[in-house]
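Q: Dumping the structure here so I can ask a few things about it.
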Amino acid sequence: MTEQDSNSVKKKILLIDDDEENLKSLQGTLESAGFEIKTCSSSARAMEYIGDFKPDLAIMELLLGEPDGYTLLRQIRKSKDYSSLKVIILTVKSFEFDRVRSFELGADAFFNKPISPEELLKNVSRTMDYRPHLTFWGTRGSLPSPGSETIKYGGNTSCIEVRLSQEKILILDAGTGIRKLGLKLMQEGGKKKINLLLTHPHWDHIFGLPFFVPTYIPGNEVSIYGARHGDISLREVVAGQMESIYFPITIKEFGARSYFQELSEGEYFIDDVKVQTHFLNHPGQTLGYRIWCGEKSFAYITDNELPPPPPDSTGPSHKRKKLINFLKDVDLLIHDSSYTDQEYKTRVGWGHPPLSELLSLALAANAKELKLFHHEPDHTDQDIEKMVEFSLERLKKEGSSMKCSAAAEGEHIFF
Ligand SMILES: [Zn+2]
Ligand SMILES: [Zn+2]
């Protein structure tokens, strides 16, 4: 969309720049595309203009009087009423530092002057229409399973892209799905700051990493998060699968600035995103994540065994209670659904739950939506659909309004 429908309510844009000529030119371009425009040439009055005009988007220069653009951006993000205002930086400041700093302070997009009217309109629309979302790039557990029987839900192993803004990139796990995600990020262009959160280093969750092109590109920044494993550091865990006996090139070939950050159970802010962690019931150290986007949150819980309670038990175990508490009222629960109840009977202790126990957990946590994930390699599309049917029947029987479906490769979920 580059022009607004004349019948719709006009979207409002505030232009903040002390160069009157520039304001005039931007105003002309945007008004002819159907936007309602107000200009502000004094940054000292910008907050007042925002309060009165209530724009959908602000386009601002960094090089302003007092306060400068950085200070103003900080004021907007800290304000009670306008913290979610979309902001495009359009500036003469062309150092990489300015771009990075702008995104750190919460800009939605960054461009250098001059910008053509076509580029401006394209990016205004893209920024205004942008909605935080996640995308499934790999939904399979254990082993990739391509073929005609897995077309609907996909054959790549665990990988989810989380985009809370155009520049804020979180990736959950580096299964084979991460290869295509890497190609997409390369196509987007620009230098990338990527945060990769690993649940654990079983092959299906890391063996796409050596094929993730952005890690080899100088100028990119890749931070890898996960748990250490006893004496083995997170860096050693990741480097291990790229030692020469397993792979032709080593981690030393990563051209991007790479950082390794070890996590335990707790609450962290990663690129200003609130991330909570919880150890799961799976061989080795496995982290589950709960990620917040404003008031909403989703949880990524794989791989996680949920043993049925012993016959004489009177309620959930202490461990289960802790997990229920961690997931309480979550908007979306993405959870390992490897086994049917029947399959679980011969796979006790393998680190994955029977479907009934997963449903009990989701119900106890009062999740609003459940996505079945980490599909067993032997499960065909039809088998997975049967598991969804089984789940919906159980939820209906319990009188629950929880939505339930199976995660499919390529699917987007908007927050
Ligand atoms: Zn797995
Ligand atoms: Zn595993």
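The values are calculated or read from the model by the stated rules, or taken from the named source; none is laboratory data. Source: prediction; values computed, not measured. Virtual Cβ from ideal backbone geometry, glycine too; neighbours counted across all protein chains shown. The accessibility values were calculated without ligands, DNA or RNA, using every heavy atom of the protein model including side chains. Shrake-Rupley method; radii C 1.70, N 1.55, O 1.52, S 1.80 Å.
Q: Those residues that are within 16 Å of ligand 2 (Cβ to nearest atom) and touching a Cys at 6+ places or on another chain (Cβ under 9 Å), I need them from segment 181-201; list them, please. Don't jump to the end; show me each part of the working.
A: From segment 181-201, those within 16 Å of ligand 2 (Cβ to nearest atom) are 197-201; that's our starting set.
The answer is none; no residue qualifies.
Q: Any idea which residue in segment 43-86 is farthest from Glu21 (Cα to Cα), counting only those that are crowded, with 18+ Cβ neighbours inside 10 Å and in contact with a Gly (Cβ under 9 Å, 6 or more places away or on another chain)?
A: Ile76
Residues are listed down the side, and each one gets a yes or a no for (1) small (Gly, Ala, Ser); (2) surrounded by fewer than 22 Cβ atoms within 10 Å (Cβ to Cβ); (3) over 25 Å from the mean Cα position of the chain (by Cα):
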site	(1), (2), (3)
Ser360	yes, yes, yes
Leu363	no, yes, no
His379	no, no, yes
Gln382	no, yes, yes
Leu392	no, yes, yes
Ser405	yes, yes, no
Glu411	no, yes, no
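Q: Could you tell me which residue of segment 106-160 is surrounded by the fewest Cβ atoms within 10 Å (Cβ to Cβ), considering only residues that are of a type in the set (A, V, I, L, M) and out of contact with any strand residue (DSSP E or B) (no Cβ under 9 Å at 6 or more places or on another chain)? Don't jump to the end; show me each part of the working.
A: Keep residues of segment 106-160 that are of a type in the set (A, V, I, L, M), which gives 107, 109, 115, 120-121, 124, 128, 134, 143, 151, 160.
The next check asks that each one be out of contact with any strand residue (DSSP E or B) (no Cβ under 9 Å at 6 or more places or on another chain); those that pass are 121, 151.
Numbers: Leu121: 19, Ile151: 13.
By that ranking, first place goes to Ile151.
Q: So, Ala239, is that one away from ligand 1 (no atom under 16 Å from the Cβ), open to solvent by less than 40 Å² (accessible area, probe 1.4 Å) and farther than 24 Å from Phe103 by Cα or not?
A: Working: away from ligand 1 (no atom under 16 Å from the Cβ): yes; open to solvent by less than 40 Å² (accessible area, probe 1.4 Å): yes; farther than 24 Å from Phe103 by Cα: yes.
Answer is yes for this residue.
Q: Right, another one. With respect to Phe298, determine if the residue is within 17 Å of Lys403 (Cβ to Cβ) and either away from ligand 1 (no atom under 16 Å from the Cβ) or surrounded by fewer than 21 Cβ atoms within 10 Å (Cβ to Cβ) (or both).
A: Values: within 17 Å of Lys403 (Cβ to Cβ): yes; either away from ligand 1 (no atom under 16 Å from the Cβ) or surrounded by fewer than 21 Cβ atoms within 10 Å (Cβ to Cβ) (or both): yes.
In short, yes.
Q: Shifting gears a bit: Write out, first by first residue and then by second, each pair whose Cβ atoms fall under 8 Å of each other, whose residues are 6+ apart or on separate chains, and whose first residue, in segment 35-63, is on the phi > 0 side of the Ramachandran plot while the second is open to solvent by 10 Å² or more (accessible area, probe 1.4 Å) and not acidic (Asp, Glu).
A: Going by the 8 Å Cβ cut-off, the qualifying pairs are Lys54/Lys12.
Q: When you go through (1) at pLDDT below 95; (2) in contact with a helix residue (DSSP H, G or I) (Cβ under 7 Å, 6 or more places away or on another chain) one by one for Ala44, which number turns out not to apply?
A: All conditions are met except number (2).
Q: Here's a follow-up. Which of the residues belonging to segment 202-221 are touching a strand residue (DSSP E or B) at 6+ places or on another chain (Cβ under 9 Å), over 16 Å from Trp137 (Cβ atoms) and within 16 Å of ligand 2 (Cβ to nearest atom)?
A: Answer for segment 202-221, where residues must be touching a strand residue (DSSP E or B) at 6+ places or on another chain (Cβ under 9 Å), over 16 Å from Trp137 (Cβ atoms) and within 16 Å of ligand 2 (Cβ to nearest atom): just Trp203.
Q: Could you list, ordered by first residue, the pairs with Cβ atoms under 6 Å in which the first is in segment 93-112 and among the small types (Gly, Ala, Ser) and the second is open to solvent by 50 Å² or more (accessible area, probe 1.4 Å), at least 6 apart or interchain?
A: Once the first residue is among the small types (Gly, Ala, Ser) and sits in segment 93-112, its partners that are open to solvent by 50 Å² or more (accessible area, probe 1.4 Å) give Ser94/Asn112; Gly106/Arg77.
Here is a yes/no grid of residues against (1) assigned to a loop (DSSP other than H, G, I, E, B); (2) within 16 Å of ligand 1 (Cβ to nearest atom); (3) not small (Gly, Ala, Ser):
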residue: Ile115; (1), (2), (3): yes, no, yes
residue: Lys122; (1), (2), (3): no, no, yes
residue: Ser125; (1), (2), (3): no, no, no
residue: Met128; (1), (2), (3): no, no, yes
residue: Pro144; (1), (2), (3): yes, yes, yes
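Q: Would you point out which residue out of Phe279, Phe247 is within 16 Å of ligand 1 (Cβ to nearest atom) and surrounded by fewer than 19 Cβ atoms within 10 Å (Cβ to Cβ)? Show your work before the answer.
A: On the way: Phe247 fails: within 16 Å of ligand 1 (Cβ to nearest atom).
Only one candidate qualifies: Phe279.
Q: For segment 325-343, give me each residue that is in contact (Cβ under 8 Å) with a residue 12 or more places away in the chain and under 16 Å from Ser391 (Cβ atoms).
A: If the condition is that a residue be in contact (Cβ under 8 Å) with a residue 12 or more places away in the chain and under 16 Å from Ser391 (Cβ atoms), then Leu332, Leu333, Ile334, His335, Asp336, Ser337, Ser338, Tyr339, Thr340, Asp341, Glu343 are the ones that fit.
Q: Still on this structure, please answer the following. Which count do you get for residues in segment 207-221 that are within 16 Å of ligand 1 (Cβ to nearest atom) and open to solvent by 10 Å² or more (accessible area, probe 1.4 Å)?
A: Just the residues of segment 207-221 that are within 16 Å of ligand 1 (Cβ to nearest atom), to begin with: 207-209.
Next, only the ones that are open to solvent by 10 Å² or more (accessible area, probe 1.4 Å) stay: 207.
Result for segment 207-221: 1.
Q: Filter segment 273-300 down to residues that are of a type in the set (Phe, Trp, Tyr) and within 16 Å of ligand 2 (Cβ to nearest atom) and give me whichever is nearest to His133 (Cα to Cα).
A: Looking only at segment 273-300, we keep the residues that are of a type in the set (Phe, Trp, Tyr), and these are 279, 289, 292, 298, 300.
When the remaining residues are screened for being within 16 Å of ligand 2 (Cβ to nearest atom), the result is 279, 289, 300.
Details: Phe279: 25, Tyr289: 16, Tyr300: 14 Å.
Among those that are of a type in the set (Phe, Trp, Tyr) and within 16 Å of ligand 2 (Cβ to nearest atom), it is Tyr300.
Q: Only one residue in Thr346, Thr380 is touching a residue at least 24 places away in the same chain (Cβ under 8 Å) and among the β-branched types (Val, Ile, Thr), so which one is that? Can you show your working first?
A: Values: Thr346 fails: touching a residue at least 24 places away in the same chain (Cβ under 8 Å).
Step by step, each of Thr346, Thr380 is checked, and only Thr380 is touching a residue at least 24 places away in the same chain (Cβ under 8 Å) and among the β-branched types (Val, Ile, Thr).
Q: Within segment 301-330, track down each residue that is more than 15 Å from ligand 2 (Cβ to nearest atom) and either open to solvent by less than 20 Å² (accessible area, probe 1.4 Å) or of a type in the set (Gly, Ala, Ser) (or both). Explain how you work it out, then say what you get.
A: Let us first name the residues in segment 301-330 that are more than 15 Å from ligand 2 (Cβ to nearest atom), namely 307-330.
Those that are more than 15 Å from ligand 2 (Cβ to nearest atom) and either open to solvent by less than 20 Å² (accessible area, probe 1.4 Å) or of a type in the set (Gly, Ala, Ser) (or both): Ser313, Gly315, Ser317, Leu323, Leu327, Val330.
Q: What is the residue count in segment 267-276 for residues that are modelled with pLDDT under 95 and open to solvent by less than 20 Å² (accessible area, probe 1.4 Å)? Steps first, please.
A: Of segment 267-276, the ones modelled with pLDDT under 95 are 269-274.
Filter again for open to solvent by less than 20 Å² (accessible area, probe 1.4 Å), leaving 270, 273.
Number of matching residues: 2.
Q: May I pose another question? Would you check if there is a residue in segment 24-42 being open to solvent by 10 Å² or more (accessible area, probe 1.4 Å) and farther than 23 Å from Glu118 by Cα? Quick ask: steps written out before the conclusion?
A: Kept after step one, since they are open to solvent by 10 Å² or more (accessible area, probe 1.4 Å), are these residues of segment 24-42: 24-29, 31-32, 34, 36-39, 41-42.
Restricting the remaining residues to those that are farther than 23 Å from Glu118 by Cα gives 41-42.
There is at least one residue in segment 24-42 that is open to solvent by 10 Å² or more (accessible area, probe 1.4 Å) and farther than 23 Å from Glu118 by Cα.
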